[in-house]
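Taking it in order: structure first as structure tokens, then the write-up.
The values are calculated or read from the model by the stated rules, or taken from the named source; none is laboratory data. As the structure is a computational prediction, the values presented were derived from the model and not from experiment. Here the Cβ is made from the backbone with ideal geometry for all residues, glycine too, and neighbour counts use every protein chain on show. Ligands, DNA and RNA are excluded from the accessible area calculation, which covers all protein heavy atoms including side chains. Shrake-Rupley method; radii C 1.70, N 1.55, O 1.52, S 1.80 Å.
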Amino acid sequence: MSTNTSRRNFLKAISTVSGGLVLGIDFGSGLISTACASQSNTTFQPSAWLRIDSDGTFTITVAKSEMGQGIRTALPMLIAEELEADWTKIRIEPALAHPDKYGSQSTGGSTSVRTLYSTLRKAGASAKEMFVSAAAKQWNVSESDCRAENGTVVLTSNGKKLSYGELASSAASLPVPDKPTLKDSKDFKFLGRKMPRLDTPSKVDGSAIFGMDIQIPNMVYAVIVRPHVFGAKVKSFDATKAKAIAGVLDVVQTDDLLAVLANSTWSAIQGRDALSVSWDEGDYANESSETMWKMFEAAAGKEGDIERNDGDAKSAYELAAKKVEAMYYAPFAAHVTMEPMNCTVHLQENSCEIWAPSQTPQDALSEAADILGMSTDDIKFNITLLGGGFGRRLETDYVVEAVKLAKALKEPVKVVWTREDDMQHDFYRPAQYNIMRGGLDADGSPTTWLHSIIGHEGKGLLTHACNPPYDFPNLRIDAQAHYIGVPSGAWRSVGASQNGFIIECFVDELAYAAGKDPVEFRKNLLSKSPRLKKALELVAEKSGWGTPMPKGKGRGVACVSSFGSHVAQVAEVSVADDGSVRVERMVCAVECGPVVNPDGIEAQMESAVAFGLSATLKDEITIERGGVKQSNFDDYRMLMIDEMPKVETYFVKSDEAIGGIGEPGVPPVAPAVCNAIFAATGKRVRRLPVKN
């Protein structure tokens with residue numbers, strides 16, 4: 001029992017209003033306090049709450065954003081498992097954004113389940129022991145005579161039961177166990193089982209609330225007038241024709257924004273189309289993908305900043321019995337979430353309410369407070385469901401726009417991005433040009449690895465590149481970053497996506513240069529990456545690696561560790577006479593430590609394959625005259641449903657540390673497919689997308 005040092009770590013609070021037990025949790029360490037919720041203050045920062053009402057309902061407040069990855073089911077499973085809860089009585093409640101009450105509310109980096117895994121289990125176990133203790137006191141028996149079962153405590157000797165709802169008030173008055181006993185994994189009822197998603201019914205019946213669903217009486221709809229060229233600014237505009245459009249209310253310029261206001265989104269868009277604007281295009285008007293690649297290739301003659309230098313890679317390369325050199329290209333890529341950016345703001349005299357599908361609500365809340373000159377306590381920030389995130393909604397630009405307009409207008413406003421806005425003003429995965437050099441000894445074993453990265457300045461340029469999993473006795477990584485004005489940010493799996501493609505394809509090249517099987521070649525280099533090696537061995541077994549493929553078909557392998565998990569994939573492809581590629585089968589082996597909800601992981605692998613194949617086969621953002629050339633799904637194609645391959649997912653049984661799962665399925669997709677194309681055709685793919 002800890003009652004003094006634990007207010008920062010774990011809050012148990014007694015709800016006297018509902019007559020139930022409220023258990024607050026700080027996910028930092030999981031220690032326990034007996035402080036009441038009503039007495040909590042800013043020095044105590046719980047990030048989730050378990051409430052058990054007197055009717056036996058379990059309500060779990062989730063402070064992470066749900067963007068389709070299934071955390072509103074996985075997180076409750078952790079508590080329910082240890083609590084011996086009745087799953088049918090679990091309810092979910094999304095948290096409001098708060099500066100510090102919940103710890104970090106950022107949802108990215110595949111962190112939600114893995115960072116909360118132990119703490120939530122401990123929370124459930126603590127509550128269960130309190131209910132057992134309360135029942136034992138009521139029956140005047142030993143706690144060992146009682147057991148928890150499906151939301152009740154059972155008196156073993158005669159089968160009497162008391163529900164958690166009946167015990168909530170008395171349990172809340174008991175000391176909180178300091179070190180609750182966690183269940184052995186062999187006794188799990190929920191964890192490791194396929195559980196139905198708790199949010200599915202609301203998405204089926206339409207009651208689920210996304211950002212685009214928000215409606216406020218008397219609100220205006222706004223679209224922002226955006227330039228084609230990145231960094232361009234408005235010189236002047238003529239709103240005459242725009243204001244003549246039915247439904248257009250006004251055209252306003254405030255701060256750095258020019259916006260068309262209307263009584264509907266459609267009228268606002270039509271008004272924007274009719275608006276005449278003169279732009280100062282700034283410094284990037286002449287930039288293009290062509291000039292960028294030439295810049296990168298010219299820079300390749302110079303040495304970049306040394307990021308890692310083990311041994312003497314340059315000398316080892318010169319002395320190698322066999323040398324392999326190749327250049328790899330990865331283009332800009334967009335997130336293209338199905339729900340475009342949007343935000344609704346209702347500003348009143350001394351308060352403000354915001355609705356936004358955000359992955360970083362705390363950052364957005366803080367920026368809103370700064371813009372409005374308000375305390376964050378005066379702003380109610382609602383986090384709606386996200387129609388896809390993939391890292392795009394880690395940015396706060398769309399929230400800032402709506403808050404600035406609301407401040408200027410003094411009336412409720414909803415800012416809506418069109419698909420074209422979204423595609424042409426994203427924060428893109430940075431483009432990258434790579435020079436790869438590898439040396440082999442006379443036996444075909446690698447002696448050295450040199451990777452020179454020249455890329456567009458942005459997040460993820462070096463992620464994963466500096467830490468390839470393989471045993472290279474000599475290794476050297478250098479990098480240069482250049483900038484042509486294109487915003488860049490975190491794309492699903494961040495730098496592991498492009499660097500996973502480059503590393504796994506080049507390792508494949510080394511394997512063939514050595515005359516060795518690609519799986520065996522990798523296995524011999526993974527002595528320091530045993531978890532990845534197990535995934536590789538499992539995927540080889542399940543895919544039938546080594547069995548013959550018909551003419552025109554090929555099988556390729558890749559394995560990448562990222563976000564604490566280790567995923568190996570084998571792609572089977574067919575290549576037609578015209579060069580068109582069809583991916584027919586993807587086999588995934590996952591070593592992610594304990595499996596929480598296998599159904600959720602399988603879904604994440606399937607979505608990762610769809611996302612990764614779009615980038616591999618179709619997606620490319622190109623720059624033309626300082627802006628993005630593509631504008632919608634007609635020229636930025638996604639994988640279609642009839643192109644989706646069969647996806648098989650297998651798990652490596654593991655008690656290792658739990659890893660993330662939202663992103664690790666993406667990085668192996670491109671190299672597995674490209675290596676399969678080589679196996680089918682003998683031609684290497686070194687530039688994405690494959691259509692190039």
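Points to keep in mind about this one:
Every residue, every condition in (1) free of Cβ contacts under 8 Å to residues at least 24 places away in the same chain; (2) under 30 Å from Y398 (Cβ atoms); (3) acidic (D, E); (4) surrounded by 14 or more Cβ atoms within 10 Å (Cβ to Cβ), yes or no:
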{"position": "S133", "(1), (2), (3), (4)": "no, no, no, yes"}
{"position": "C146", "(1), (2), (3), (4)": "yes, no, no, yes"}
{"position": "N150", "(1), (2), (3), (4)": "no, no, no, yes"}
{"position": "V154", "(1), (2), (3), (4)": "yes, no, no, yes"}
{"position": "P180", "(1), (2), (3), (4)": "no, no, no, yes"}
{"position": "G192", "(1), (2), (3), (4)": "no, no, no, yes"}
{"position": "M195", "(1), (2), (3), (4)": "no, no, no, yes"}
{"position": "L198", "(1), (2), (3), (4)": "no, yes, no, yes"}
{"position": "F210", "(1), (2), (3), (4)": "no, yes, no, yes"}
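- Checked against (1) closer than 17 Å to R72 by Cα; (2) assigned to a helix (DSSP H, G or I); (3) not aliphatic (A, V, I, L, M), S106 passes all but condition (2).
- Hits in segment 400-449 - residues which are within 20 Å of M374 (Cα to Cα) and open to solvent by 30 Å² or more (accessible area, probe 1.4 Å): K404, K407, A408, L409, K410, E411
- Only one of I79, I60, I14 that is open to solvent by 10 Å² or more (accessible area, probe 1.4 Å) and either modelled with pLDDT under 90 or not in a loop (DSSP other than H, G, I, E, B) (or both): I14
Residue by residue, here is whether (1) crowded, with 22+ Cβ neighbours inside 10 Å; (2) under 26 Å from G544 (Cβ atoms); (3) touching a Ser or Thr at 6+ places or on another chain (Cβ under 8 Å) holds:
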site	(1), (2), (3)
P594	no, no, yes
A615	yes, no, yes
D642	no, yes, no
K653	no, yes, no
E656	no, no, no
G659	yes, no, yes
A670	yes, yes, yes
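- Enumerated strands (runs of 3 or more DSSP E) restricted to segment 219-286, each holding at least 3 residues that are open to solvent by less than 30 Å² (accessible area, probe 1.4 Å): 220-224, 248-254, 257-262
- Scan segment 238-262 for residues that are in contact with a Ser or Thr (Cβ under 6 Å, 6 or more places away or on another chain) and either without any contact (Cβ under 8 Å) to a residue 12 or more places away in the chain or within 11 Å of V225 (Cα to Cα) (or both) and the total you get is 0.
- Under the condition of being open to solvent by 10 Å² or more (accessible area, probe 1.4 Å) and not acidic (D, E), the residues counted in segment 581-592 number 3.
- When every residue of segment 566-580 is checked against the conditions, none turns out to be touching a residue at least 12 places away in the same chain (Cβ under 8 Å), open to solvent by 30 Å² or more (accessible area, probe 1.4 Å), in a loop (DSSP other than H, G, I, E, B) and in contact with a Cys (Cβ under 9 Å, 6 or more places away or on another chain).
- Any hit, segment 436-457, residues being part of a loop (DSSP other than H, G, I, E, B) and within 21 Å of E297 (Cα to Cα): yes
- Contact map, segment 405-417: residues that are within 14 Å of D250 (Cα to Cα) paired with residues that are modelled with pLDDT under 95, Cβ distance under 6 Å, separation 6+ or inter-chain. Pairs shown: A408/T254.
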